[in-house]
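Some notes on the structure that comes next.
The values are calculated or read from the model by the stated rules, or taken from the named source; none is laboratory data. Bear in mind that the values here come from a model prediction, so they are computed numbers and not experimental data. Methodologically, a virtual Cβ is constructed for each residue, glycine included, from the backbone with ideal geometry; neighbour enumeration extends over all protein chains shown. The accessibility values were calculated without ligands, DNA or RNA, using every heavy atom of the protein model including side chains. Shrake-Rupley method; radii C 1.70, N 1.55, O 1.52, S 1.80 Å.
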Amino acid sequence: MPSKDKTQVEEKEIVTQEHEDDGEEDDVVEEIAGGGEGAKKKKKKKKPKKKKAQQSDPPRVGLSKIFPNGVYPEGEIQPYKDDNAWRTTSEEKRYDERMAMEDPEITYQSIRRAAEVHRQVRQSARKYIRPGMTMTEIANFIEDGSRALVEENGLESGIGFPTGLSLNHCAAHYTPNAGDTNVLQSGDVLKIDIGVHVKGRIVDSAFTLNFEPTYDKLIEAVKAATDTGVRESGIDVRLGEIGGAIQETMESYEVEVNGKIYPVKSIENLSGHSIGLYQIHGGKSVQLVKNDDQTKMEEGEYFAVETFGSTGRGRVVESGECSHYAKIIDAPHVPLRLTSAKSLLKSITHNFGTLPFCRRYLDRVGESKYLLALNHLVQQGIVQDYPPLCDARGSMTAQFEHTIFLRPTVKEVISRGDDY
């Protein structure tokens, strides 16, 4: 989920796979009372075979059943470079990591569990999503999978933010509201931005789908730019330098559409961001163009490194009906004149805390006729609205994003998968 710069398928039953025993059934000879050499032999009963749960199609099996030991796959490991190369073999830093893994509050298993949910859901979505589907069908498919696999449980585990399904010139912050009738077309460029959290540790990762080749180069450019941002990120790296590297990669590409050449531009007023606990935008921004930000990345921080490319002007503006909202972290305590606003705020706090939500999620928890109250909370500075962010109509935009974790010894690309 980007930070804006200020300036059907039926469910199949769980399939189980039986582990084969390593050896044959053990024969145990026991002497029967009063028997001699002719005593009968009694076979010991075979132990019950262990069963291991496997994922269904579409994915609906909770990950705790597939990983019963609570150990989830590690992300891609990238060693630190230059002045921080020593960290990889530092005994002190390795000790710090061992201690972190033993602390249930900061263990890496929470974020890795969220990442494995993300990988399995998005891989299924890639197979499932086709032109002709409504945006609501796509959102429900992704969110039903995320909720099932992460075993949604209040604020302990669940969806990290509304599923972004921004189309074409719209770059970010669109998800369907109730009654949305938009249908995916074969010429569309669809950005899919999915968030999953476990104990407030949010995995924020996105990719772009198209269904015919016109904008393949745009998608290739943005994927390469995101990989550049991930590669250049690290402890003590200045944020402005990362932006320069992203821009250089992005703008080395161009797209040909109907015989006309369009340069690919970094969208200058969107950015990646640090991620806090239950806080999708943690305070630091990784811009997509070269800038003078001397702020450094630090050990222990989580970042969403995301890039957006465009065939348009390379700048977005707010446009269209709002769907995304979030309670502000340090919201002011102001008297609310609307009883309905007080009630809605209580519901938001209980169901979402400071995690982003959308109007469909309010519908889902039983809220109704809430728009006046919601707008009042926005006006009072208690809830932030996030309208869709769009480039020039007729242009195309693409997005790729990964969550990285700056561990003491190495950089872990938490959300990396076989797909991107």
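From largest accessible area down, sort Met396, Met99, Met250; use a 1.4 Å probe on the protein chains.
Met99, Met396, Met250
Can you pull the percent of region 138-221's accessible area that's carbon plus sulfur, 1.4 Å probe, other chains left in place?
Reported share for carbon and sulfur atoms: 46 percent.
In whole Hz, with x marking every Gly and Pro, tabulate ³J(HN,Hα) for region 297-314 from phi via Karplus 6.51 cos²θ - 1.76 cosθ + 1.60, θ = phi - 60°.
Once rounded to whole Hz, the list reads 6, 10, 4, x, 8, 9, 10, 9, 8, 10, 10, 10, x, 9, 8, x, 7, x.
Viscosity 1.002 mPa s, temperature 20 °C: give me the Stokes-Einstein translational D for region 95-146 in µm²/s, with Rh taken as the Kirkwood radius over C-alpha pairs.
D, rounded to a whole number, is 164 µm²/s.
Might you tell me the accessible area per residue for the chain, computed with a 1.4 Å probe and given in Å²?
49 Å²
With r defined as the distance between the Cβ atoms of Thr134 and Asp363 and R0 fixed at 22 Å, what FRET efficiency is calculated, to the nearest 0.05?
0.85
Just the number: Rg to Rh for region 54-107, Cα atoms, Kirkwood Rh, two decimals.
1.15
Mind ranking Ser368, Ser415 by accessible surface for me, highest first, 1.4 Å probe?
Ser368, Ser415
So what's region 145-261 giving for Cα Rg divided by 2.2 N^0.38 Å, two decimals?
That ratio works out to 1.28.
Using alpha carbons only, what's the Rg to Rh ratio of the chain with Rh from Kirkwood?
1.08
So if each residue of separation counts as 0.36 nm, and I subtract the Cα-Cα distance between Ile261 and Met99, what length gain in nm does that give?
Full-extension gain reported as 52.9 nm.
Tell me what the chain gives for mean residue ellipticity at 222 nm when only DSSP H runs of n ≥ 4 count, each as -39,500 (n - 2.57), the sum divided by the residue total, rounded to 500 deg cm²/dmol.
My calculation for the chain gives -8000 deg cm²/dmol from helical runs alone.
In whole percent, and with a 1.4 Å probe on the protein chains, what portion of the accessible area of region 327-385 is carbon and sulfur?
Percent of accessible area from carbon and sulfur atoms in region 327-385: 51.
Express in whole angstrom the spacing between the alpha-carbon centres of region 173-234 and region 252-327.
Result: 12 Å between the Cα centres.
Give me the mean projected area, in nm² to one decimal, of the convex hull enclosing the Cα positions of region 222-262.
Spelled out: convex hull of the Cα atoms, projected over all directions, averaged, 2.9 nm².
Using amide H atoms built in the peptide plane, which far-off residues or other-chain residues are under 5 Å from His324 H to H?
For His324, whose amide H was placed from the backbone, the distant partners under 5 Å are Tyr386.
If you bin the C-alpha pair distances of region 327-385 every 10 Å from 0, what whole percents do you get?
24, 64, 12
Mind giving me the FRET efficiency for Gln109 and Ser347? R0 is 22 Å, r the Cβ-Cβ distance, nearest 0.05 is fine.
0.10
For the cross-link pairs Lys52/Lys199; Lys81/Lys217; Lys81/Lys223; Lys284/Lys327; Lys127/Lys217, which exceed 24 Å when the distance is taken from alpha carbon to alpha carbon?
Correct reply: Lys52/Lys199; Lys81/Lys217.
Give me, ordered by chain and number, the residues 5 or more places off Lys411 or on other chains with an amide H under 5 Å from its own placed amide H.
Gln78, Tyr80
Under a point spin-label approximation (7 Å from Cα along Cα-to-Cβ), what is the Val334-Glu299 distance to one decimal in nm?
So the two model labels end up 4.2 nm from each other.
Give the separation of the Cα centroids, region 353-367 to region 396-420, in Å.
27 Å
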